[in-house]
Amino acid sequence: MPASRCAGTLARLERALAEAAGVEVKLERPGNPAHGDYATNVALRAAPVRRRAPLELAGELAEAAAALPGVKRASAARPGFVNLEMTPAWYGEALGEIIAAGPDYGAGFASPRERVQVELVSANPTGPLTVASARNAAYGDAVARLLAFAGHDVEREYYVNDLGEQIDRFRDSVEARARGEEPPPDGYLGDYVAGIAALGGDPVERMVEEIRGSLDRFRVHVGEWVHQSIVEQEIEDALAALPTYEAEGAIWLRTTEWGDDKDRVLVRSDGRPTYFGADAAHILHKYRGGFERLIYVLGADHHGYVARLKALAGAFGRDPDRLEVLIYQLVHLTERGETRKMSKRRGDVVLLDELTDEIGVDAARWYLVSRGHEQTIEIDVDLAGERSEKNPVYYVQYAHARIAGILRNAGSARASAEAPGELASEERDLVKRLAEFPTLAEEATERRAPHAIPTYAIRVADDFHRFYHRHRVLESEAQAFRLALCRATQAVIARCLDLIGVEAPERM
RNA sequence: GGCCCCGUAGCUCAGCGGAUAGAGCGGCAGACUUCGAAUCUGCGCGCGGAGGUUCGACUCCUCCCGGGGCCA
């Protein structure tokens with residue numbers, strides 16, 4: 001575990017304690033208020049190394065901690081915790097730092113900064129995007145936003161599979177509609193086919209434009225649209241750069257050397273590249289774009305691709321760990337308690353556009369990203385609309401709007417982070433919550449786990465609403481401090497919402 | 001047959017080695033002449049099972065049971 005590189009008041013306290021203890025310190029918020037503002041198990045972890053009794057060591061560390069600036073009281077507790085209580089001045093300092101950082105609070109923790117490409121969605125352009133792609137988009141885009149917030153140089157890519165049997169079938173179907181005929185029996189039957197036919201021009205490019213429109217409305221802005229037909233022109237270069245071998249008339253890559261369970265064919269005996277061959281050319285294309293880290297966002301049905309993609313990175317002489325494949329579990333749709341089967345070809349799918357029309361972009365993005373990506377999501381089609389009213393996203397947005405209202409009423413009144421004496425427990429809880437944000441954002445980024453953001457945002461809103469109900473902001477003795485607290489809370493909520501592609505309204 | 005994901009409150013899910021396991025929804029009972037009630041307050045003997053590692057396990061390891069998926 002690398003030591004946290006986070007700036008911030010909390011991280012500084014951790015570093016000071018780490019110096020005293022000789023091991024890394026991670027402070028946590030104890031569930032029990034009697035255990036103080038912060039606690040650490042550092043003595044328990046250090047005791048075996050130091051060959052000391054944990055409680056005794058904790059006692060010494062507590063003594064050292066008590067001497068640190070900002071620490072009001074420090075005590076040891078069985079079996080070896082060190083509990084800390086902070087001074088009002090420390091809270092003022094912590095809040096002041098959040099205000100000073102403004103929208104950049106918690107940002108810029110990437111080390112080293114890298115050029116990163118996130119490939120997301122990449123659904124076949126044979127039809128509109130479905131809710132399955134919606135999860136890919138919501139998750140992949142949130143990861144990309146976190147990486148950018150960290151300070152990386154991030155590009156979003158959509159890989160357009162514009163070759164192959166499905167594409168031929170799609171073109172045939174559109175052409176049939178254009179002639180006023182039914183699509184062939186194995187063709188695409190959805191209503192959108194006639195719409196594409198009416199537009200004229202290349203059906204695949206028309207479809208790609210539709211997809212781009214859907215993603216833009218979903219606030220996922222793809223920078224680079226890479227076509228398979230273009231990328232495949234680089235396959236000769238890829239073959240030259242890879243340690244291939246020939247067998248049974250085909251060209252192979254020994255992917256087993258990098259942990260795949262069998263070698264893979266790049267070019268068939270008849271000279272046509274396989275899908276894997278196209279992947280090789282595609283990866284070469286990415287490396288030529290100067291990316292130091294490649295991230296693929298794929299559905300669980302693609303988990304078999306992980307080993308071979310990483311093998312390609314290794315075969316190109318790159319570090320396989322810098323090619324990440326993020327696998328998210330699938331979205332299941334239920335209707336009247338029954339699992340609904342979808343087929344893009346048959347046209348009986350639930351579309352991304354339908355989902356956003358039904359419940360709105362904010363609720364859809366929140367919902368799709370608030371579950372862990374390794375968790376299957378169930379969407380009940382019947383309840384989707386109703387669920388949107390119950391969506392916690394509104395709870396969080398309401399906190400933001402409520403603060404906006406207070407700040408409007410405050411006019412030009414002075415805000416100051418300086419603590420006006422002893423603070424109420426609700427004020428301390430809120431500051432502590434906000435102080436967690438840099439660590440939380442860094443962990444969410446490193447784990448590629450954006451669902452931690454909405455979970456945290458609910459807690460922030462929770463702490464704020466509680467504070468609001470028990471204390472007046474305006475015309476109170478502590479008005480200046482509380483206005484600063486409001487501003488900091490609003491900034492953190494806005495940032496959380498932005499990281500998952502949700503709007504932060506001034507009014508609701 | 002091999003591989004991947006998941007079993008936590010009635011439902012949907014957080015929790016990724018620490019103290020008394022938390023939210024939302026649903027249910028019950030309260031709080032608006034006060035900065036926005038889309039809010040707040042109170043009510044919950046739940047970690048699928050069995051071993052193991054550890055001072056300490058929802059968390060890590062093994063096996064079993066159950067659900068979903070991929071490949072063969």
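Return the pairs, sorted by first residue and then second, in which the second residue is within 16 Å of RNA strand B (Cβ to nearest atom) and among the small types (Gly, Ala, Ser), the first residue lies in the stretch A:290-301 and is closer than 17 Å to A:Tyr159 by Cα, the beta carbons are less than 8 Å apart, and the residues are 6+ apart or on different chains.
A:Gly299/A:Ala132
Do we find a residue being surrounded by fewer than 17 Cβ atoms within 10 Å (Cβ to Cβ), basic (Lys, Arg) and either part of a helix (DSSP H, G or I) or within 12 Å of RNA strand B (Cβ to nearest atom) (or both) anywhere in the stretch A:404-415?
Yes, the stretch A:404-415 has at least one match.
Considering (1) under 18 Å from A:Glu292 (Cα atoms); (2) in contact with a strand residue (DSSP E or B) (Cβ under 8 Å, 6 or more places away or on another chain); (3) surrounded by 21 or more Cβ atoms within 10 Å (Cβ to Cβ), say which one A:Phe81 fails and leave the rest.
(1)
Could you look through the stretch A:457-508, keep only residues that are without any contact (Cβ under 8 Å) to a residue 40 or more places away in the chain and under 16 Å from A:Leu407 (Cβ atoms), and pick out the one that is nearest to RNA strand B (Cβ to nearest atom)?
A:Arg472
When you go through A:Ser133, A:Ser111, A:Ser173, A:Ser122 one by one, which is the residue that is touching a strand residue (DSSP E or B) at 6+ places or on another chain (Cβ under 6 Å) and either among the hydroxyl-bearing types (Ser, Thr, Tyr) or free of Cβ contacts under 8 Å to residues at least 12 places away in the same chain (or both)?
Every option except A:Ser122 fails the conditions.
Within the set of pairs 6 or more residues apart or between chains, which connect a residue that is in contact (Cβ under 8 Å) with a residue 12 or more places away in the chain inside the stretch A:14-35 to a residue that is of a type in the set (Ser, Thr, Tyr) and exposed (fewer than 13 other Cβ atoms within 10 Å of the Cβ) with Cβ atoms less than 8 Å apart?
Sorted first by the residue in the stretch A:14-35, then by its partner, the pairs are A:Pro33/A:Ser425.
Tell me the strands (runs of 3 or more DSSP E) entirely within the stretch A:13-107 that contain at least 2 residues that are more than 30 Å from A:Leu146 (Cβ to Cβ) and either of a type in the set (S, T, N, Q) or within 10 Å of RNA strand B (Cβ to nearest atom) (or both).
Answer list for the stretch A:13-107: A:71-77, A:81-86.
Identify, please: which residue in the stretch A:378-400 is among the aliphatic types (A, V, I, L, M) and surrounded by 19 or more Cβ atoms within 10 Å (Cβ to Cβ) and is, among those, nearest to A:Val502 (Cα to Cα)?
In this case the residue turns out to be A:Val393.
Would you tally the residues in the stretch A:232-245 being in contact with a helix residue (DSSP H, G or I) (Cβ under 7 Å, 6 or more places away or on another chain) and either within 22 Å of A:Asp319 (Cβ to Cβ) or in a strand (DSSP E or B) (or both)?
Restricting attention to the stretch A:232-245, the residues satisfying the condition of being in contact with a helix residue (DSSP H, G or I) (Cβ under 7 Å, 6 or more places away or on another chain) are A:232, A:234-235, A:237-238, A:241-243.
With the extra rule that they be either within 22 Å of A:Asp319 (Cβ to Cβ) or in a strand (DSSP E or B) (or both), the set shrinks to A:234, A:237-238, A:241-243.
Looking only at that region, the number is 6.
Quick check on A:Ala138: is it closer than 19 Å to A:Pro454 by Cβ and surrounded by fewer than 20 Cβ atoms within 10 Å (Cβ to Cβ)?
Criteria not met by A:Ala138.
To keep it simple, each residue is scored yes or no on (1) at pLDDT 95 or above; (2) more than 16 Å from RNA strand B (Cβ to nearest atom); (3) surrounded by 14 or more Cβ atoms within 10 Å (Cβ to Cβ).
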{"position": "A:Gly201", "(1), (2), (3)": "no, yes, no"}
{"position": "A:Arg212", "(1), (2), (3)": "yes, yes, yes"}
{"position": "A:Val220", "(1), (2), (3)": "yes, yes, yes"}
{"position": "A:Glu224", "(1), (2), (3)": "yes, yes, no"}
{"position": "A:His227", "(1), (2), (3)": "yes, yes, yes"}
{"position": "A:Leu239", "(1), (2), (3)": "yes, yes, yes"}
{"position": "A:Gly249", "(1), (2), (3)": "no, yes, no"}
{"position": "A:Asp261", "(1), (2), (3)": "no, no, no"}
{"position": "A:Arg272", "(1), (2), (3)": "no, yes, no"}
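Considering every residue within the stretch A:426-446, establish whether at least one is near RNA strand B (Cβ under 10 Å from one of its atoms), assigned to a helix (DSSP H, G or I), among the acidic types (Asp, Glu) and over 24 Å from the mean Cα position of the chain (by Cα).
Yes, that holds for at least one residue.
Every residue, every condition in (1) of a type in the set (Val, Ile, Thr); (2) farther than 21 Å from A:Glu155 by Cβ; (3) in contact with a helix residue (DSSP H, G or I) (Cβ under 8 Å, 6 or more places away or on another chain), yes or no:
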site	(1), (2), (3)
A:Leu189	no, yes, yes
A:Glu209	no, no, no
A:Ser214	no, no, yes
A:Arg217	no, no, yes
A:His221	no, no, yes
A:Ala247	no, yes, no
A:Leu266	no, yes, yes
A:Ser269	no, yes, no
A:Arg272	no, yes, no
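The values are calculated or read from the model by the stated rules, or taken from the named source; none is laboratory data. Being a predicted model, the structure only gives us computed values, none of them experimental. Ideal geometry is used to build each Cβ from the backbone, glycine not excepted, and the neighbour counts take in all protein chains shown.
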